[in-house]
Amino acid sequence: MLDGLFVTPAVTAIEEALASARVTGSLAVIGNAKLAAALAKTLDVIPVAMPKRTKLAGALADLSTIEPASLGAVIGVDASLDDGWERSLRAWSRAVRDGGAVVLVDRGRSPEVSRRALCAGLAEIEQRRAGRVVVTSGLVTQL
């Protein structure tokens, strides 16, 4: 989804979302090696579900080995295209501590991504544009 032209603006928008949510600690990047590598330059990133040809240190197959409520944030790509989005967002939220963030990076489907974030129970939804990429963030509340 993100090619070389769009990684830098997307990273900037993601960093702004993380700063707005006051995220601290480790974060997971789901399924996008370029995004994980770019964010790892300044943040503590755990790559998850990377393509097989990708060689990133510490990459995990999925979030199942991550302790519940242990991450500051999870960043996922193309949630609007995921048929199993409810299950995905539930797993992502499970891994994030109370007050942490789930950040969704998508190409131009802002109303649908907002709807999915709200349906997943995320609070304080924010959206940022980075070219055609929309970065939607929301806070996790573990009740």
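Here are a few things to note about the model shown:
- Among (1) assigned to a helix (DSSP H, G or I); (2) surrounded by 18 or more Cβ atoms within 10 Å (Cβ to Cβ), the one test that S64 misses: (2)
Table: residues versus (1) among the polar types (S, T, N, Q); (2) surrounded by fewer than 16 Cβ atoms within 10 Å (Cβ to Cβ); (3) closer than 14 Å to T136 by Cα.
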site: E16; (1), (2), (3): no, yes, yes
site: A19; (1), (2), (3): no, yes, yes
site: K55; (1), (2), (3): no, yes, no
site: D78; (1), (2), (3): no, no, yes
site: G84; (1), (2), (3): no, yes, no
site: R90; (1), (2), (3): no, yes, no
site: A117; (1), (2), (3): no, no, yes
site: L122; (1), (2), (3): no, no, yes
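Per-residue answers, yes or no, for (1) at positive phi; (2) without any contact (Cβ under 8 Å) to a residue 24 or more places away in the chain; (3) in contact with a Lys or Arg (Cβ under 9 Å, 6 or more places away or on another chain); (4) of a type outside the set (G, A, S):
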site: T65; (1), (2), (3), (4): no, yes, no, yes
site: V74; (1), (2), (3), (4): no, no, no, yes
site: G84; (1), (2), (3), (4): no, yes, no, no
site: L89; (1), (2), (3), (4): no, no, yes, yes
site: R97; (1), (2), (3), (4): no, no, no, yes
site: G100; (1), (2), (3), (4): no, no, no, no
site: L104; (1), (2), (3), (4): no, no, yes, yes
site: R109; (1), (2), (3), (4): no, no, no, yes
site: R132; (1), (2), (3), (4): no, no, yes, yes
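The numbers here are math on the coordinates, done by the rules we state, and not lab data. Just so you know, these numbers come straight off a predicted model, no measurement behind them. Neighbour counts are summed over all protein chains in view; Cβ atoms, including those assigned to glycine, are modelled from backbone coordinates with ideal geometry.
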